[in-house]
1. Is it the case that the stretch 163-183 has a residue that's surrounded by 13 or more Cβ atoms within 10 Å (Cβ to Cβ), farther than 27 Å from Gly290 by Cα and free of Cβ contacts under 8 Å to residues at least 40 places away in the same chain?
2. Please specify each residue of the stretch 109-141 satisfying the condition of being in contact with a helix residue (DSSP H, G or I) (Cβ under 8 Å, 6 or more places away or on another chain) and not in a strand (DSSP E or B).
3. Go through the stretch 318-351 and give me each residue that's loosely packed, with under 13 Cβ neighbours inside 10 Å and of a type outside the set (Gly, Ala, Ser).
4. Suppose the filter is in a helix (DSSP H, G or I), surrounded by 16 or more Cβ atoms within 10 Å (Cβ to Cβ) and modelled with pLDDT of 95 or more; does Ile144 pass it?
5. Scan the stretch 243-260 and tell me whether some residue there is closer than 23 Å to Glu151 by Cβ and touching a residue at least 40 places away in the same chain (Cβ under 8 Å).
6. Hey, does the stretch 297-313 have a residue that's in a helix (DSSP H, G or I) and not small (Gly, Ala, Ser)?
7. With the requirement that a residue be hydrophobic (A, V, I, L, M, F, W, C), under 27 Å from Asn111 (Cα atoms) and either in contact with a helix residue (DSSP H, G or I) (Cβ under 8 Å, 6 or more places away or on another chain) or not in a strand (DSSP E or B) (or both), what does the stretch 34-65 give you?
8. Can you tell me which residues in the stretch 35-45 are surrounded by fewer than 21 Cβ atoms within 10 Å (Cβ to Cβ) and in contact with a strand residue (DSSP E or B) (Cβ under 8 Å, 6 or more places away or on another chain)?
Amino acid sequence: MPAIDPRVGVLQHNTDKSTRGYTLFTPLGLYNTYLIDMDGKVVHQWDLPNDVGNHAYLLENGNLLVAIRTEDKDPHLPAKGGHLIEFDWDGNIVWEHIDHMQHHDFRRKSNGNTVYAAWTKQTDPAVIKSIPGGIKGTEHEGAIYTDVIREIDPTGKIVWEWDVLKDMDMDQFPLDPTVFRREYAHANTIATCPNGDVIINWRFNNTMAMIDHQSKKIKWSLNDIEYGQHHDVQMLENGNILFFANGADVHIHGPETGSQVVEIDPSNNKEVWSYCGSPRRSFVSWFISGCQRLPTGNTLICEGLWGRLFEVTPEKEIVWEYVSPFFVEYDHPAYTGTNIIFRCYRYASNSPQIRDRLP
């Protein structure tokens, strides 16, 4: 598809300092997932059957795991998926699972199970009344959609489930008083930890939390409105937490508003590293977006609002920068004229995901 903005493709590339490999991304509103080389050339792609439920990534066997939007039981809320599909390298479906209320994020565990976020519709007036915070009277057609985390085995059987109504004290994490009461609380990340625990990130109560898989108790959380909501919360190999801080909370708009990528030590919730623009507003995406710590110590960042993917060193030097040329040129209900991207991932040429699959 021809580019609308001429400032697209690879804008800069420091071959000595960047992390060599291939970058995967899925433009929202388009039916393709692209794998590009360091020069921005598409070296492989997968054609998708409908709008993506936000993103796709490569499994260690080289297959693509993606959520595709279904039209059934549509709550008209952002980032609906509903159909999880695993494609092989050639685009053949090798596994699929339908849960029409799946949304935002999903992960394949090392044991072959799949973890994902889903909604449950709450219409009982007593339940709705018990959900704390938000703007009074702004429920979604009289209902609130609450979050549940489901883990399924390869046959689709639910083997573990965590429900905000049953497994947490919502009074400790109320909806921000400025947001609609359509959802509790807009989970945009479900990430697994090496020991099996699960990280969940909620945008509408400014909270990220780690759930003990065995006890289902919240064992760690961070609620800091100064980060202005966040996405793509994940545990690093060193045990720290990395996330994209959108910097777009309604409470902190102002001349210094901008996004950050932040690494914190969960033992004390103190920052150990962060990246922001200079000036601050030169790097900003008020929604979506993500980050990935690379084996070299560099960090790959998805500034989703602008379709901008870039890599920075620990010293915060930009060493690779790419702007997606894939714009939505048809009449789409949400994405017309945009090149936005939810997340991106970098894979080394000798990684299990890529090895021997490209010339």
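1. No, because not a single residue in the stretch 163-183 is surrounded by 13 or more Cβ atoms within 10 Å (Cβ to Cβ), farther than 27 Å from Gly290 by Cα and free of Cβ contacts under 8 Å to residues at least 40 places away in the same chain.
2. Matches in the stretch 109-141: Val127, Ser130, Ile131, Pro132, Glu139.
3. If the condition is that a residue be loosely packed, with under 13 Cβ neighbours inside 10 Å and of a type outside the set (Gly, Ala, Ser), then Tyr330, Asp331, Pro333, Thr336, Asn350 are the ones that fit.
4. No; evaluated as a whole, the condition is false for this residue.
5. So far as the stretch 243-260 goes, yes, one or more of its residues are closer than 23 Å to Glu151 by Cβ and touching a residue at least 40 places away in the same chain (Cβ under 8 Å).
6. Yes - at least one qualifying residue is present in the stretch 297-313.
7. Passing the criteria: Leu48, Leu59.
8. Within the stretch 35-45, Asp37, Met38, Asp39, Gly40, Val42, Val43, His44, Gln45 meet the criteria.
The values are calculated or read from the model by the stated rules, or taken from the named source; none is laboratory data. Because the structure is a prediction, the values reported are computed rather than measured. Heads up, the Cβs are rebuilt from the backbone with ideal geometry, glycines too, and the neighbour counts pull from every protein chain shown.
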